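A.B. asks: Right, I'll just put the structure down here and ask away after.
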2 protein chains.
Amino acid sequence: MVQKPTPIREQTRAVVRSLLAQTALELFAAKGYDDTTVEEVAAAAGVSRRTLFNYFRSKEDLALGGISEQGELIAARFAERPADEDPWASLRAAFRVLEEIETTAERRLEVVTILFGNESLRPGHAEKQARWQDLLAPLIEPRLPDSGRRAFEARAIAAAAITCLQAALEEWVRRGGRVDLFELYDTAVQAIRRLA
Amino acid sequence: MVQKPTPIREQTRAVVRSLLAQTALELFAAKGYDDTTVEEVAAAAGVSRRTLFNYFRSKEDLALGGISEQGELIAARFAERPADEDPWASLRAAFRVLEEIETTAERRLEVVTILFGNESLRPGHAEKQARWQDLLAPLIEPRLPDSGRRAFEARAIAAAAITCLQAALEEWVRRGGRVDLFELYDTAVQAIRRLA
DNA sequence: CACTGATGTGCACTGCGTGCAAGTCTCTGC
DNA sequence: GCAGAGACTTGCACGCAGTGCACATCAGTG
């Protein structure tokens with residue numbers, strides 16, 4: 001019988017992973033992303049550098065990994081939406097899961113600021129964007145009218161929506177979190193969809 | 001008097017830079033981006049590794065640098081468009097400069113395939129996307145109705161248009177260049193702007 | 001022809017990421 | 001309860017990207 005593949009192992013593994021991500025964020029916040037070495041993060045968390053790389057593929061992954069599973073959350077929420085809802089409405093609703101993640105407002109601002117304020121992390125965002133796109137596009141596709149290019153259109157819509165969210169997040173950080181994120185998102189979506 | 005800052009110097013510099021980019025592309029095409037070291041490119045071009053880094057900031061820059069000035073071309077073309085034209089129409093027209101760049105069709109496909117087919121270069125595309133956004137947004141802004149958020153809206157539009165172009169390019173590569181790029185672009189734009 | 005400044009180049013160094021070969025710990029079957 | 005299979009940790013040694021520095025070299029100037 002193979003019930004739980006092993007509780008303890010996986011449990012500690014999750015804990016360590018979480019600890020590492022936590023420690024990393026603190027150091028990044030204190031010293032900046034570029035001026036923090038992986039070595040330091042590992043030391044601060046009490047593991048070896050090599051071990052850290054057993055948990056995270058890269059330094060970027062270390063920074064963004066904590067929020068990497070958000071893509072799945074969004075996709076899951078999207079899938080729950082009624083099948084005849086407008087894709088854009090579903091996307092907006094799906095993105096809202098980001099607000100439901102348990103954390104304080106200041107902490108969220110802090111994290112997002114680190115993640116978006118740093119030049120070196122843009123690659124990571126691109127990576128994330130691509131993954132989200134891959135997750136969402138297949139869900140959007142069946143909602144579009146048959147056109148022979150639905151798959152491509154679905155990708156475009158997913159990409160555009162994510163881009164709007166990205167733009168909204170950047171602006172949100174720029175304004176120190178003093179505006180409602182989804183108000184910005186709506187502004188962005190309206191701006192691109194409004195015919196001149 | 002400081003007329004021409006020096007013809008010869010800058011001339012050779014441009015030649016060497018071009019040669020390096022060329023050599024790099026050939027090697028990337030032959031061995032793949034990840035399996036080609038900067039060392040090899042430098043050697044093949046007959047310069048030292050260190051010198052290569054005097055011409056290009058990074059390996060990525062080496063791959064994408066050849067097309068990095070495209071952003072300025074696009075922005076310049078956009079600026080030439082009539083001020084009362086719909087931003088989306090201007091953007092489309094501006095993007096068309098990409099077709100005017102002198103090169104054979106196969107060569108273009110080859111280059112774009114290398115550049116878009118490789119995972120490791122996504123960061124570079126993100127970089128490019130960001131730069132184009134910074135160039136285009138300020139030009140779009142004055143064309144929008146006053147709303148108190150024009151700057152943000154302009155960024156969103158620029159980002160979305162670039163995203164559509166990106167999506168179109170990816171699809172274009174996926175189909176082996178056998179479709180018209182701007183037909184794909186139009187499909188993408190229509191897909192995101194069409195109200196349900 | 002000597003001078004200045006820009007460029008080419010070697011060298012050493014930091015940091016990321018990986019393969020390998022121990023050693024250590026956890027669960028399993030006996 | 002114990003021995004062995006298998007996973008996790010860790011150190012070590014690489015390779016590669018990118019940078020700072022010092023020295024050599026070469027184009028252009030008076």
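A.B. asks: Would you mind stating whether B:E85 is more than 16 Å from DNA strand C (Cβ to nearest atom) and either away from chain A (no Cβ under 14 Å) or more than 27 Å from B:L19 (Cβ to Cβ) (or both)? Can you show your working first?
C.D. replies: Values: more than 16 Å from DNA strand C (Cβ to nearest atom): yes; either away from chain A (no Cβ under 14 Å) or more than 27 Å from B:L19 (Cβ to Cβ) (or both): yes.
Taking the combined requirement at face value, the residue satisfies it.
A.B. asks: Now, a different point. For B:Q133, indicate whether it is within 12 Å of the chain's Cα centre (by Cα) and facing chain A (nearest Cβ under 8 Å). Walk me through how you get there before you give the answer.
C.D. replies: Details: within 12 Å of the chain's Cα centre (by Cα): yes; facing chain A (nearest Cβ under 8 Å): no.
No; evaluated as a whole, the condition is false for this residue.
A.B. asks: Let me ask something else. Kindly check whether there is at least one residue in region B:111-122 that is under 30 Å from A:R175 (Cβ atoms) and either open to solvent by 30 Å² or more (accessible area, probe 1.4 Å) or touching an Asp or Glu at 6+ places or on another chain (Cβ under 9 Å) (or both). It would help to see each step written out before you state the result.
C.D. replies: Residues of region B:111-122 that are under 30 Å from A:R175 (Cβ atoms), as a first pass: B:122.
When the remaining residues are screened for being either open to solvent by 30 Å² or more (accessible area, probe 1.4 Å) or touching an Asp or Glu at 6+ places or on another chain (Cβ under 9 Å) (or both), the result is B:122.
Yes: region B:111-122 contains one or more residues that are under 30 Å from A:R175 (Cβ atoms) and either open to solvent by 30 Å² or more (accessible area, probe 1.4 Å) or touching an Asp or Glu at 6+ places or on another chain (Cβ under 9 Å) (or both).
A.B. asks: Right, another one. Test each condition in (1) in a helix (DSSP H, G or I); (2) more than 12 Å from DNA strand C (Cβ to nearest atom); (3) more than 14 Å from chain B (Cβ to nearest Cβ); (4) surrounded by fewer than 19 Cβ atoms within 10 Å (Cβ to Cβ) for A:T103 and report the one that comes out false.
C.D. replies: (1)
A.B. asks: Sticking with this one: Would you pick out the residues in region B:2-17 that are part of a helix (DSSP H, G or I) and either among the charged types (D, E, K, R) or exposed (fewer than 13 other Cβ atoms within 10 Å of the Cβ) (or both)?
C.D. replies: From region B:2-17, those part of a helix (DSSP H, G or I) are B:7-17; that's our starting set.
The answer is B:P7, B:I8, B:R9, B:E10, B:Q11, B:T12, B:R13, B:A14, B:V15, B:R17.
A.B. asks: Run A:E85 past the list (1) free of Cβ contacts under 8 Å to residues at least 60 places away in the same chain; (2) open to solvent by less than 70 Å² (accessible area, probe 1.4 Å); (3) in a helix (DSSP H, G or I) and report the number of the one that doesn't hold.
C.D. replies: (3)
A.B. asks: With B:I140, B:I192, B:I114 as the choices, which residue is aliphatic (A, V, I, L, M) and away from chain A (no Cβ under 13 Å)? Give the derivation first.
C.D. replies: On the way: B:I140 fails: away from chain A (no Cβ under 13 Å); B:I192 fails: away from chain A (no Cβ under 13 Å).
After ruling out the rest, the residue left standing is B:I114.
Residues checked against (1) open to solvent by 50 Å² or more (accessible area, probe 1.4 Å); (2) over 15 Å from B:Q190 (Cβ atoms):
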position	(1), (2)
A:L139	yes, yes
A:R150	yes, no
A:A161	no, yes
A:L165	no, yes
A:L169	no, yes
A:D180	yes, yes
A:A188	no, yes
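A.B. asks: Being touching a residue at least 60 places away in the same chain (Cβ under 8 Å), assigned by TED's automatic domain parsing to the domain that holds B:T113 and under 14 Å from the mean Cα position of the chain (by Cα) is true for just one of B:E170, B:E127. Which residue is that?
C.D. replies: Details: B:E170 fails: touching a residue at least 60 places away in the same chain (Cβ under 8 Å).
Just one listed residue meets the conditions, B:E127.
A.B. asks: Looking at region A:26-49, which of the residues that are of a type in the set (A, V, I, L, M), within 13 Å of DNA strand D (Cβ to nearest atom) and within 19 Å of A:N118 (Cα to Cα) is most open to solvent (accessible area, probe 1.4 Å)?
C.D. replies: Initially, region A:26-49 is screened for residues of a type in the set (A, V, I, L, M), giving A:27, A:29-30, A:38, A:41-45, A:47.
Subsequent filtering for residues that are within 13 Å of DNA strand D (Cβ to nearest atom) retains A:38, A:41-45, A:47.
Those left that are additionally within 19 Å of A:N118 (Cα to Cα): A:38, A:41.
On the way: A:V38: 23, A:V41: 1 Å².
Only one residue tops the list, namely A:V38.
Residue-wise test of (1) touching a residue at least 24 places away in the same chain (Cβ under 8 Å); (2) within 12 Å of DNA strand D (Cβ to nearest atom).
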site: A:R9; (1), (2): no, yes
site: A:V16; (1), (2): yes, yes
site: A:L19; (1), (2): yes, yes
site: A:A24; (1), (2): yes, no
site: A:R57; (1), (2): no, no
site: A:D61; (1), (2): yes, no
site: A:E80; (1), (2): no, no
site: A:L98; (1), (2): yes, no
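A.B. asks: Residue under question is B:S147, and the condition is that it be touching an Asp or Glu at 6+ places or on another chain (Cβ under 8 Å), within 13 Å of chain A (Cβ to nearest Cβ) and not in a helix (DSSP H, G or I); does it hold? Give the derivation first.
C.D. replies: Details: touching an Asp or Glu at 6+ places or on another chain (Cβ under 8 Å): yes; within 13 Å of chain A (Cβ to nearest Cβ): yes; not in a helix (DSSP H, G or I): yes.
Yes, satisfied.
A.B. asks: Can you tell me which condition A:E40 does not meet? The list is (1) assigned to a helix (DSSP H, G or I); (2) within 7 Å of DNA strand C (Cβ to nearest atom); (3) not β-branched (V, I, T), and all the others hold.
C.D. replies: Tallying (1) assigned to a helix (DSSP H, G or I); (2) within 7 Å of DNA strand C (Cβ to nearest atom); (3) not β-branched (V, I, T), A:E40 fails exactly one: (2).
A.B. asks: Also, I was wondering about something else. Residues that are away from DNA strand C (no atom under 16 Å from the Cβ), more than 14 Å from B:L165 (Cβ to Cβ) and open to solvent by 60 Å² or more (accessible area, probe 1.4 Å): does region B:50-67 have at least one? So that I can check it myself, show each step before the final result.
C.D. replies: In the first step, residues of region B:50-67 are kept if they are away from DNA strand C (no atom under 16 Å from the Cβ); the result is B:63-64, B:66-67.
Cutting the leftovers down to more than 14 Å from B:L165 (Cβ to Cβ) gives us B:63-64, B:66.
Among the residues that remain, those that are also open to solvent by 60 Å² or more (accessible area, probe 1.4 Å) are: none.
No, that holds for no residue.
A.B. asks: Could we say that A:I157 is within 10 Å of another protein chain (Cβ to nearest Cβ) and in contact (Cβ under 8 Å) with a residue 60 or more places away in the chain here? It would help to see each step written out before you state the result.
C.D. replies: On the way: within 10 Å of another protein chain (Cβ to nearest Cβ): yes; in contact (Cβ under 8 Å) with a residue 60 or more places away in the chain: yes.
In short, yes.
A.B. asks: Right, something else. Could you tell me how many of the residues in region B:182-196 are assigned to a helix (DSSP H, G or I) and either free of Cβ contacts under 8 Å to residues at least 40 places away in the same chain or within 17 Å of A:T163 (Cβ to Cβ) (or both)? Reasoning before the result, please.
C.D. replies: In the first step, residues of region B:182-196 are kept if they are assigned to a helix (DSSP H, G or I); the result is B:182-193.
Cutting the leftovers down to either free of Cβ contacts under 8 Å to residues at least 40 places away in the same chain or within 17 Å of A:T163 (Cβ to Cβ) (or both) gives us B:183-185, B:187-193.
Qualifying residue count, region B:182-196: 10.
The values are calculated or read from the model by the stated rules, or taken from the named source; none is laboratory data. These figures come from a predicted structure and were not determined experimentally. Ideal geometry is used to build each Cβ from the backbone, glycine not excepted, and the neighbour counts take in all protein chains shown. Accessible surface is based on the protein model in full, side chains and every heavy atom, while ligands, DNA and RNA are left aside. Shrake-Rupley method; radii C 1.70, N 1.55, O 1.52, S 1.80 Å.
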